[in-house]
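Written below as structure tokens is the structure these notes are about.
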Protein chains: 4
Amino acid sequence: MIDVQNQKDIRNMPIDRVGVKNLRYPVTVLDRSNREQHTVASVSMDVNLPHHFRGTHMSRFIEILNETHRELHIDKITKILQRMKKRLEAEQASMEIRFPYFIEKKAPVSGAESLMEYQCLYQGTLADRSDFILGVDVPVTTLCPCSREMSEHGAHNQRSVVRIRVRTCKFVWIEELIEYAEQSASSPLYALLKREDEKAVTEQAYDKPMFVEDMVREVALHLEKDNRITWYAVESENMESIHNHDAYARIENLKSQ
Amino acid sequence: MIDVQNQKDIRNMPIDRVGVKNLRYPVTVLDRSNREQHTVASVSMDVNLPHHFRGTHMSRFIEILNETHRELHIDKITKILQRMKKRLEAEQASMEIRFPYFIEKKAPVSGAESLMEYQCLYQGTLADRSDFILGVDVPVTTLCPCSREMSEHGAHNQRSVVRIRVRTCKFVWIEELIEYAEQSASSPLYALLKREDEKAVTEQAYDKPMFVEDMVREVALHLEKDNRITWYAVESENMESIHNHDAYARIENLKSQ
Amino acid sequence: MIDVQNQKDIRNMPIDRVGVKNLRYPVTVLDRSNREQHTVASVSMDVNLPHHFRGTHMSRFIEILNETHRELHIDKITKILQRMKKRLEAEQASMEIRFPYFIEKKAPVSGAESLMEYQCLYQGTLADRSDFILGVDVPVTTLCPCSREMSEHGAHNQRSVVRIRVRTCKFVWIEELIEYAEQSASSPLYALLKREDEKAVTEQAYDKPMFVEDMVREVALHLEKDNRITWYAVESENMESIHNHDAYARIENLKSQ
Amino acid sequence: MIDVQNQKDIRNMPIDRVGVKNLRYPVTVLDRSNREQHTVASVSMDVNLPHHFRGTHMSRFIEILNETHRELHIDKITKILQRMKKRLEAEQASMEIRFPYFIEKKAPVSGAESLMEYQCLYQGTLADRSDFILGVDVPVTTLCPCSREMSEHGAHNQRSVVRIRVRTCKFVWIEELIEYAEQSASSPLYALLKREDEKAVTEQAYDKPMFVEDMVREVALHLEKDNRITWYAVESENMESIHNHDAYARIENLKSQ
């Protein structure tokens, strides 16, 4: 059979990225409390394509992924990227996996246990140098300081999502980034709250009002102090309970070493 | 050319619905304040197919839609359904259009004007009898009575969506259904609130705590009392500010006439 | 503390459904080849609420779910529904779980193995009688018979999703429903195809053109013949490669016993 | 009332972006054929916040938007950004609007007219210098050259989305970018095709097979030749009819002037 992909291309146009997207895959990832955790990932993998090749070999991405035996611990990403570079004859290989991650949390008063879900991200690139971004989205409560200050009783509050992305020079657990976000919020979220817990989180949130601007600043202060982190971006998106649109803030910083 | 769709089918299997889905279309709809409003709809249209035909003629759905000249006022739906029945030789024709609808609202204290978006639904069916469902999704604030009762200060509150669907024996404005939902909520939402408005809606919500169960009951009471409405379904979904999941309630009732 | 939920309600308005939605949960489900499979579910749980209670106890849904120890095999659903009825003092309890499910498939010529994802549904209700619906969404290829018949070369084809829902009087594997859909399609999909496989699936699809109407009829014939199945609904939605909208067909049938 | 937002902030942490997101708004935009077009946009607006301010004034974003009287022609963006900078006392202001845009197209043989929808993007930033990105997503058909070459009959093909983003030194119509994508594809899409048209587009696609790599290269060649364009990024995402994942390619280039 003719290998159409290997035909010479004369358009003199290199391609930055070519690969597969939205591939769903059951994986195991590292878990600080239970060693490993089963979850389901959305995977994308791509390489650059020099100008003289017409096409890449899409099936090889899947073959390389299959060789992982569904284990996608962070340290496997580099090996996968090396194989992608070699087997697809590329100068640059990138991979992104997104997956839900569950942590057992105790309610603040009753101690009742339940699972909270966090969306996580591993994003790796291997070219001359390698690059890795770890990310997690943490849903929290934020309570508006302005509403609280002005109002006789109560204050509007809402579910917010805090998105943290970091580059690191030493290993950082997803759980640690989650703690930074939950400590900074008006209150963490829980899947299970008994009545005494609901009282506690309501009061805690009222006692710790946070603008969307405060939210990203507080998380950024944690990330600034953590010397393992060399770069970060933190966003918060508040699903305002008094509006039908969202409030939003973002800080990004490459720390001077 | 052979007309493959008109081939006889011997599988003896009638099809309940066949048609097009997720067709996007710019339309004008009726507007109580401004006579008409421009918006963009998602349209689906389908007919039944008797067992002896192999296929329907998909292009005719689009032709019929084009004959509306983009005007999809409610009273046009019946004409479209009649054409679908006739031109596609069907016993039953159905059409559903969903569209964002905007209403100018005044903030409660400052009177500042802004636009609120509501997702609307027209769902028509024509067989031996005709059927029409009018729907609207109304985003509101709900404040938890239990949290308020137990807590020293504050109460958790959140954005909720109230979904109303009605069958009527007389014309009902979308705006009227929206009023039923907003009057029942802890507070309506606004796109623009000045500081004095934010104080007012915060206090109003605190003074009118509503469970998700209260929300659907209050709207249902309005719908029960309105004699133009012969059937209704009302749902509320609260994006809980203390959980990462939603609370949900639903009432459906065919009113005895 | 006052139990606000247990307050008497005087609005005389029973609620059909009240509960939790969009709760994400890691689960294990039955797997025909590997006994069980880890996946991540979206869960909703609800009960009816008699007119004299003001509110339900949302936290109990989560407690009941936690007692399953993350095992949500089909036969556990009934036990969960029984607990929901009892602990929430309800006459009716419903539960719905949706989850991605993976099956190892061999490419048709090379035999190369890869994983295919299918979205599954368990939907159980327990009132005076119990009801259970099993569902699966199967992505397939469909190739247009009309386009093939008229054109000198080629025929337009596309990714389609076949949605099967069944009630049964005997156990049916998800895998069996998937086989019905894949056998009926122009071709099944695969995550990994080598060049010889791509040739085979292209030719197979060309040799087996299927309208969206054919697709649902062929699956319906399988479901009609299967005596374990007492009711079914089958839909197909084709993401047409020549249009920006989808073609759609649906058959539903309560089989006479 | 105390102005909490204007309080001094001592955390010494400037914020890159703070504003509103997912605000829905009915707008009119420029239309090459009909002067202007009504549509519905999703709007985000943000500014930077110096380290010494605690919060921005979210309501001012909405006030500024309201002053546009719903006209969001491209040339209005700069005025909006200037107002944002001034009224929010910021050094940088950004705005993004996304909206569906409809163009009347004639079917290739019958000349039957129908509307095609394209998702568009205006992205403006004003700091010391101003920046503007124009974007459009164009759905097309792509037919696989490899599948065609190897197979006795037929070739797999699918709906693909081509995403074009450009910076320009002279005005460029959305319609011109759409033409670049549609001319490069195996075939454009249409909402309405009669049988003679379906034959024509099927045969055209078979005669012009395009890998996802070819797709982005062909569009990039058009963008390279157009001297009004100073920078571009072009992506294509193919919803493969033989896989359940997507194939993807991307080229980005800052043209040397």
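The values are calculated or read from the model by the stated rules, or taken from the named source; none is laboratory data. All values reported here derive from a predicted model rather than from experimental measurement. Neighbour counts run over all protein chains shown; Cβ positions are idealised from the backbone, glycine included. The protein model used for the area step is the full one, side chains on, heavy atoms only, and it has no ligands, DNA or RNA in it. Shrake-Rupley method; radii C 1.70, N 1.55, O 1.52, S 1.80 Å.
Key figures for this structure:
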| quantity | calculated |
| --- | --- |
| Per-peptide average of other Cβ atoms within 10 Å, ordering A:127-133, D:100-106 highest first | D:100-106, A:127-133 |
| Contact order normalised by residue count of the range D:103-164, Cα under 8 Å, 6+ apart, percent | 24 |
| Protein-only accessible surface order, largest first, of A:Cys120, C:Cys169 at 1.4 Å | C:Cys169, A:Cys120 |
| Alpha-carbon centroids, the range C:76-115 and the range A:62-126: separation in whole Å | 24 |
| Using θ = phi - 60° and Karplus 6.51 cos²θ - 1.76 cosθ + 1.60, couplings along the range C:166-183 (whole Hz; Gly, Pro as x) | 9, 10, 9, 9, 9, 4, 10, 6, 3, 4, 6, 5, 4, 4, 4, 5, 6, 5 |
| Label spacing, shortest first and in nm, from D:Thr168 to its equivalents in the remaining copies (7 angstrom along Cα→Cβ) | 4.5, 4.6, 5.8 |
| Peptide A:4-14 - average C-beta neighbours from other chains (10 Å radius) | 4 |
| Test item: Cα-centred dipole of the range A:15-254, Lys/Arg +1 and Asp/Glu -1 on Cβ, debye | 1100 |
| Gyration tensor verdict on chain A (Cα atoms; rounded if a/c is under 1.5, prolate if a/b is larger than b/c, oblate otherwise) | prolate |
| By average C-beta atoms within 10 angstrom, highest first, the peptides D:110-116, C:142-148 | C:142-148, D:110-116 |
| Cα-based helix-to-principal-axis angle, A:212-225 vs chain A, degrees rounded to 10 | 60 |
| On Cα atoms only, tilt of A:195-207 relative to the major axis of chain A in degrees | 90 |
| From phi via Karplus (6.51, -1.76, 1.60), per-residue ³J(HN,Hα) for the range A:97-104 in Hz, x at Gly/Pro | 10, 10, 7, x, 10, 10, 10, 7 |
| Taking the range B:57-103 and dividing mean pair separation by its residue count, relative contact order in percent (alpha carbons under 8 Å, at least six apart) | 32 |
| Nm distances between copies for A:Asp131, ranked from closest, using label points 7 Å along Cα→Cβ | 1.5, 5.4, 5.5 |
| Inter-copy separations for C:Gln82, label at 7 Å along Cα-Cβ, nm, ascending | 5.5, 5.8, 7.4 |
| Dipole magnitude of the protein assembly as shown, debye to nearest 20 (Cβ charges: Lys/Arg +1, Asp/Glu -1, about Cα centre) | 0 |
| Prolate/oblate/rounded label for the protein assembly as shown (Cα gyration tensor, a/c 1.5) | rounded |
| Average other protein chain Cβ within 10 Å of Cβ, residues B:108-119 | 3 |
| With Cα atoms, 0 to 90° folded angle of helix A:74-87 axis to chain A main axis | 20 |
| Shielding score for D:101-107, defined as the mean number of other chain Cβ atoms within 10 Å | 1 |
| The range B:138-182 and the range D:200-227: distance between their alpha carbon centers, rounded to Å | 51 |
| Karplus 3J(HN,Hα) series, Hz, for the range D:29-35 with 6.51 cos²θ - 1.76 cosθ + 1.60 (x for Gly, Pro) | 10, 5, 9, 4, 8, 10, 6 |
| Nearby lysines by direct alpha-carbon distance to C:Lys85 (threshold 17 angstrom, same-chain neighbours under 8 apart not counted) | C:Lys76 |
| Cα centroid separation, the range C:4-49 to the range B:1-28 (Å) | 37 |
| Surface accessible to a 1.4 Å probe, B:Lys170 within the full protein complex, Å² | 130 |
